[in-house]
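Below is one structure, written out as structure tokens, with a few remarks after it.
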Amino acid sequence: MRWLAGTFALCLLSPSLRAQSPAPPQPPTAPEEIIIDTDIGGDIDDAFAVGLALHSPEFKILGITSAWGDTLLRARLLSRFLKETGRPEIPVAMGIAKHPPGKVDTLTQAAYAEGGPADLQYANAVDFILDQIRQHPGEITLISIGPETNLGAAIDRDSATFRKLKRVVLMGGSVYRGYAQFNYGKARDPVPEWNILCDIQAAQKVFSSRVPLYVMPLDSTQIKLQELERAEIFKSGTALTDALLLLYSQWARGATQTPTLFDAVAVAYAMHPELCPAQPMRLRVDDQGYTRVESGPPNVQVCLRSSSDQFLEFFMPRIVAPAAKAAQIAQPTPTR
């Protein structure tokens, strides 16, 4: 009888005991393996994008490849940037040098890049991308924040291996909105966006590659880094913010210029898609570089709208934090 009474009492108490018991600890999520393909050294947003990735424990950066124009000088810039920010172990690979017809694409941050190592032998970016996919099939997110020349060449070289990417997150295109000075007001009509326009054929190959493709177009990436935010970053005095200050100064050429964080939005989306909710669409890159909406089965996920306030609330603490504290930065609040 005493055993029955005890059992009955335990049954009555067990729900409250269960409610008071702490939930079992959840295993940490493994960092996502990424490769960044970037034309860093032209516009300044690439540097902010790479800096955000460096301070994001959600990522394991397998390597960074230089894209478009003088890819050797861009690789040297990356090598110096990674060394000065305490991440020299990240491999840098040199992409295909391609310039606009009849022009030479120059770096606004060439002086910084020329301070990078001049004697390094860089791996070929296309070889590097394909080799990494073979080593990590179905696991790599390729973040493309420059013209897609390297990606198109990888598809030409070995499309079957390229399709073993987990996904491509791409800053590029202009669906309903073109370049605009501000984040508000009447939207300008769509235009051929720079990353697409530089190598239209490569972009066409990426959009038809059948790899899961997440597109961050002009519609959602024109978030400005205003003067107050810049002052907060540049006074922080960390290795990353000091490097960003120097790169910004060379890009701005002594003037006060407001960067647009196109590429940083794409990097943020790759780890926290709630910052830029996407929708399925069917897009085609035409021969003039427009990203045209078509009827038919979706081939991409597209973010058409993002919140500047929500993005900056996520971005700013990451960028200004010392590297040792980056892993302790709170996660963003999901969009309601």
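The values are calculated or read from the model by the stated rules, or taken from the named source; none is laboratory data. As the structure is a prediction and not an experimental result, all values here were calculated from the model. Glycine also receives a Cβ, built like all others from the backbone with ideal geometry; neighbour counts cover every protein chain displayed. The area values use the complete protein model at the heavy-atom level, side chains included, leaving out ligands, DNA and RNA. Shrake-Rupley method; radii C 1.70, N 1.55, O 1.52, S 1.80 Å.
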Which helices (runs of 4 or more DSSP H) does region 65-152 wholly contain that include 3 or more residues that are open to solvent by less than 10 Å² (accessible area, probe 1.4 Å)? 71-84, 125-135
Given the conditions (1) under 22 Å from the mean Cα position of the chain (by Cα); (2) among the basic types (Lys, Arg); (3) assigned to a loop (DSSP other than H, G, I, E, B), and given that residue 188 satisfies all but one, which numbered condition is not satisfied? (1)
For the list (1) free of Cβ contacts under 8 Å to residues at least 40 places away in the same chain; (2) closer than 22 Å to residue 41 by Cα; (3) open to solvent by 50 Å² or more (accessible area, probe 1.4 Å), I need the number of the one condition that residue 234 fails. (3)
Filtering region 208-222 down to residues that are touching a strand residue (DSSP E or B) at 6+ places or on another chain (Cβ under 7 Å), touching a residue at least 60 places away in the same chain (Cβ under 8 Å) and either outside any strand (DSSP E or B) or among the hydroxyl-bearing types (Ser, Thr, Tyr) (or both) yields 212, 214, 217, 221
In region 288-304, how many are more than 16 Å from residue 203 (Cα to Cα) and touching a residue at least 24 places away in the same chain (Cβ under 8 Å)? 2
